[in-house]
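Undergrad: Below is a structure I'd like to ask you about.
The values are calculated or read from the model by the stated rules, or taken from the named source; none is laboratory data. All figures in this text were calculated on a predicted structure; none of them were measured in a lab. Quick reminder, even Gly has a Cβ in these numbers, built from the backbone with ideal geometry, and neighbours come from all protein chains shown.
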Amino acid sequence: MKTVLVTGGTGFIGSHTVISLIENDFDVIIADNLINSKKEVINRLHTITGKQIKFYNVDCCDKEALSLVFKENDIDSIIHFAGLKAVGESVSKPLEYYSNNINSMLTVLELMREFNVKKLVFSSSATVYGQSEDVPFTEQSPLGMCTNPYGWTKWMIEQILKDVAHADPSLSIVLLRYFNPVGAHESGLIGEDPQGIPNNLFPYISKVAVGTLECLTVFGDDYDTPDGTCLRDYIHVCDLAEGHVKALNYIDTHKSGVEVFNLGTGKGTSVKEAIAAFEKACGHSINHVFGPRRAGDLPVCYASTDKAREVLGFEAKRDINDMCSSCWNWQQKNPNGLSD
Ligand code: NAD
Ligand code: UFG
């Protein structure tokens, strides 16, 4: 059984990926400092998978502490999810974002070199495509012109990984550019659990639906789109999780170097359509008003999925209704999120 180190494995995408890895016979170790997740996730993962997962409460920027994880385990590959991800917060705390996201990646890379680990999957984002309006985004679309420090950390780390792989041809690295991950595991035991008032659409809608928040503000209905609201490529987090298994399998069989894949559905859904789908899932209306545009929002953002389909054999299976119903199931079962 091959051992995968999942950094950030108690977080939203990491925890769902851990389930897919276990279902595909990988042995999983989680390293997370719980800065944006709860230890209770480990218990939930145990309930879902029946496996006791080895967990290290460790900051991936702390080389000495993280090296213990490498010493104590025979790590075959790494999926590096650990990082800070709130776009708005990155604007007010750029140093924290550059420091945490870049140093955690550099520390993992140094330890990979010291412990001879050759395979890495990195969580990148469609945000690296910047402000281009030329959709769909293919892996060849121009990069940069990010609108916030968070986006630049992803862009910089992608460059670091290309340079490191160029210097060491024995490395094999996959960059996965996620579009908009939403939804939750069908059990309703794990899901997206943001601290405070959510910035993203789905967690916000869920909290209005469950009654924790009063009203959703739709940021702009005067875009040049079919219904005036922005289109996004929402992808079910369980599909996304399966994409990581495909990426690891690909790394096992392909040559060295860096390969990039979009993970999305290839379909744009408007804010109005997302609200309507959620209303159908929860069975009542979602209180919302229309407000001004949010700075930095692209009117339309969706993925070209050709490369992921042709090379990885990846295709998202779940639709917007599955995303809404799983999100609602999780929200209803855990109206206040998880606590430790
Ligand atoms: P998340 O915040 O739920 O998970 C990230 C996890 O990393 C958290 O559990 C947090 O505690 C941990 N962490 C952060 N810094 C750490 C450090 N220095 N050491 C150890 N652990 C640390 O976020 P997520 O939505 O699951 O995102 C996972 C990854 O995917 C992130 O890198 C994020 O930037 C990227 N991504 C997310 C989205 C999205 O919309 N959710 C989109 C594109 C890319
Ligand atoms: N929206 C609202 N009201 C809200 C929140 C969001 O109308 O309260 C709208 C936004 O204006 C946008 C759409 O819903 O049109 C989606 O917004 P999100 O904040 O959910 O997602 P974004 O597309 O802005 O950003 C997400 C991640 C980023 C990532 C980006 C590209 O949050 O980290 O996708 O992958 F960089």
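Undergrad: Quick check on I48: is it of a type in the set (A, V, I, L, M), away from ligand 2 (no atom under 16 Å from the Cβ) and free of Cβ contacts under 8 Å to residues at least 60 places away in the same chain?
TA: no
Undergrad: How many residues are without any contact (Cβ under 8 Å) to a residue 60 or more places away in the chain and of a type outside the set (G, A, S) if we restrict to the range 250-278?
TA: 5
Undergrad: Is it the case that G291 is within 16 Å of ligand 2 (Cβ to nearest atom), exposed (fewer than 15 other Cβ atoms within 10 Å of the Cβ) and touching a residue at least 40 places away in the same chain (Cβ under 8 Å)?
TA: When the stated conditions are applied, G291 passes them.
Undergrad: Which condition number in (1) under 18 Å from I235 (Cβ atoms); (2) touching a strand residue (DSSP E or B) at 6+ places or on another chain (Cβ under 7 Å) is the one that N200 fails?
TA: With respect to (1) under 18 Å from I235 (Cβ atoms); (2) touching a strand residue (DSSP E or B) at 6+ places or on another chain (Cβ under 7 Å), N200 is out only on (2).
Undergrad: May I ask you to list pairs of residues, at least six apart or on different chains, whose Cβ atoms are under 6 Å apart, with the first in the range 146-166 being over 20 Å from F261 (Cβ atoms) and the second being of a type in the set (A, V, I, L, M, F, W, C) and in a helix (DSSP H, G or I)?
TA: If the second residue must be of a type in the set (A, V, I, L, M, F, W, C) and in a helix (DSSP H, G or I), the pairs left are N148/V87; N148/V91; Y150/V87.
Undergrad: I would also like to ask the following. Which residues, counting only those in the range 98-142, are touching a helix residue (DSSP H, G or I) at 6+ places or on another chain (Cβ under 6 Å), away from ligand 1 (no atom under 15 Å from the Cβ) and over 23 Å from D233 (Cβ atoms)?
TA: Passing the criteria: F115, K119.
Undergrad: Among the candidates E315, E242, E310, which residue alone is away from ligand 2 (no atom under 16 Å from the Cβ), free of Cβ contacts under 8 Å to residues at least 24 places away in the same chain, under 21 Å from the mean Cα position of the chain (by Cα) and at negative phi?
TA: From the options E315, E242, E310, the qualifying one is E315.
Undergrad: Further, regarding this structure: Consider L213 against the criteria (1) among the hydrophobic types (A, V, I, L, M, F, W, C); (2) in a helix (DSSP H, G or I); (3) more than 30 Å from V258 (Cα to Cα): it satisfies all of them except one. Which criterion is unmet?
TA: Here L213 clears every test but (2).
Undergrad: Something else about it: Just for the range 296-313: of the residues that are farther than 13 Å from C230 by Cβ, away from ligand 1 (no atom under 16 Å from the Cβ) and not basic (K, R), which one is surrounded by the most Cβ atoms within 10 Å (Cβ to Cβ)?
TA: The residue in question is L312.
Undergrad: Taking the conditions exactly as written (within 11 Å of ligand 2 (Cβ to nearest atom) and part of a helix (DSSP H, G or I)), does I275 satisfy them or not?
TA: When the stated conditions are applied, I275 passes them.
Undergrad: Ok, one more. Those residues that are modelled with pLDDT of 95 or more and either surrounded by fewer than 19 Cβ atoms within 10 Å (Cβ to Cβ) or of a type in the set (S, T, N, Q) (or both), I need them from the range 1-21; list them, please.
TA: Those that are modelled with pLDDT of 95 or more and either surrounded by fewer than 19 Cβ atoms within 10 Å (Cβ to Cβ) or of a type in the set (S, T, N, Q) (or both): K2, T3, T7, T10, S15, T17, S20.
Undergrad: In the range 31-73, what residues are near ligand 1 (Cβ under 9 Å from one of its atoms) and under 19 Å from L240 (Cβ atoms)?
TA: The answer is D32, N36, S37, V41.
Undergrad: Turning to a different aspect of this structure: Among all residue pairs at least 6 apart or on different chains, which show Cβ distances below 8 Å where the first residue, located in the range 99-124, is under 23 Å from K85 (Cα atoms) and among the polar types (S, T, N, Q) and the second is assigned to a helix (DSSP H, G or I) and more than 11 Å from ligand 1 (Cβ to nearest atom)?
TA: Taking only residues 6 or more apart or on different chains, the pairs are T107/K63; S124/E158.
Undergrad: Kindly indicate the residue of the range 176-205 that is over 28 Å from F137 (Cα atoms) and at pLDDT 95 or above and also nearest to the chain's Cα centre (by Cα) among those meeting that condition.
TA: I190
Undergrad: Okay, next question. Can you name the number of the only condition in (1) away from ligand 2 (no atom under 16 Å from the Cβ); (2) assigned to a loop (DSSP other than H, G, I, E, B) that G266 fails?
TA: Going through (1) away from ligand 2 (no atom under 16 Å from the Cβ); (2) assigned to a loop (DSSP other than H, G, I, E, B) one by one, G266 breaks only (1).
Undergrad: Which residue out of Y250, Y223 is buried (at least 18 other Cβ atoms within 10 Å of the Cβ), on the phi < 0 side of the Ramachandran plot and more than 20 Å from the chain's Cα centre (by Cα)?
TA: Just one listed residue meets the conditions, Y223.
Undergrad: Could you run through the range 54-74 and say how many residues are surrounded by fewer than 21 Cβ atoms within 10 Å (Cβ to Cβ), within 23 Å of the chain's Cα centre (by Cα) and assigned to a loop (DSSP other than H, G, I, E, B)?
TA: 4
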